[in-house]
């Protein structure tokens, strides 16, 4: 008989009944048959894209709204059914959904579009203009409509600028058989103002703002998913209400509500408990917050990590107020120890502002009286979490025990 230390754990998963009936239904990526409380948005986008069924190019559309308000899932829901109806009447509609957190450079965008239309290009190595030329030639080789959905477009724009957007908004003037329409999704309500005026006018031919869900609407969404996702009598009646209420506090985020419900059930199942209770939801809240912070910190560029570590060092020092001047002084010392080339104070402040936008630090302009004004910096994530996560980085390890007190005297 096997005495492997994992047998008892794996046997339980094999032999005991599961809380879940369909685990994937409880993920935000799942497209259900019904989207509660998004009928108006579905109708709007359906009317915008429906003209493709008459062989007309739909207007470009901009979708705004906070995270978890249904922008992505409505886009997937509508385009999925649009392709089905187009195929039933012999129309060729191709949809490419680009997540700009991952596809965040002009080359990656064009390489992915080449892949969608059947043109093979290497992952890297070609000039971007050559990739665009190949994409355009292959796309125009037959009569078809390509709908490109840019999810979190602000991430692409922040890293790579307007160039690929400008090319795609102008491409229809060069095409003879094919057509291209764009659906642009962003969480930033002011993002459009950062675009080049030429791109802005072409991209935002039609616009729609998605409002946050309230607690009652989130309950409806979770109840629908729970019917498909869980076996009977495994949820305490208060669980769905609590998940909805907590997510409603986070700007009506349906994605967070689903994550809370799913992770709470996973915690219960791992503990061999048969019913998901409120205590599991509370534990899920802490786990999700921790996972989010870790994901953000691990993915930071090395210079951002060193700027953040400098703030961490000062937070542990005897200073009562951390200013950007003190932070840059520590940053320079960290660069010297790690062998990194330091960036300018202006660029360091820019990285600090990005960290503030991510919710990792707080920055506040304060008056120093006759000494002018400065930016006060503080951590919004616990120092312990920052240390535990960042110390895995090769460069940060070199300054893990750095003490700043001798520089601040």
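FYI, it's all coordinate maths here, none of it is from the lab. What you are looking at is a predicted structure, and each value in this text was computed from that prediction instead of being measured. We place every Cβ from the backbone using ideal geometry, glycine too, and count neighbours over all the protein chains shown.
Key figures for this structure:
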| item | result |
| --- | --- |
| Which of 357, 48 has the fewest Cβ neighbours within 10 Å, and the rest in rising order | 357, 48 |
| Between the stretch 67-110 and the stretch 243-288, the Cα center-to-center distance that results, in Å | 29 |
| Burial ordering of 294, 354, fewest other beta-carbon atoms within 10 Å first | 294, 354 |
| Bridge type composition, the chain - antiparallel percent by DSSP, nearest 5 | 30 |
| Helical mean residue ellipticity (222 nm; -39500 (n - 2.57) per DSSP H run of 4+; nearest 500) of the chain | -16000 deg cm²/dmol |
| Residue order, fewest to most beta carbons within 10 Å, for 121, 296, 365, 377 | 365, 296, 121, 377 |
| Protection proxy ranking, peptides 311-319, 391-399, average beta carbon neighbours within 10 Å, highest first | 311-319, 391-399 |
| Protection proxy ranking of 50-56, 243-249, 358-364 - average other beta-carbon atoms within 10 Å, highest first | 243-249, 358-364, 50-56 |
| Distance from the stretch 216-241 to the stretch 312-381 (C-alpha centre basis), Å | 45 |
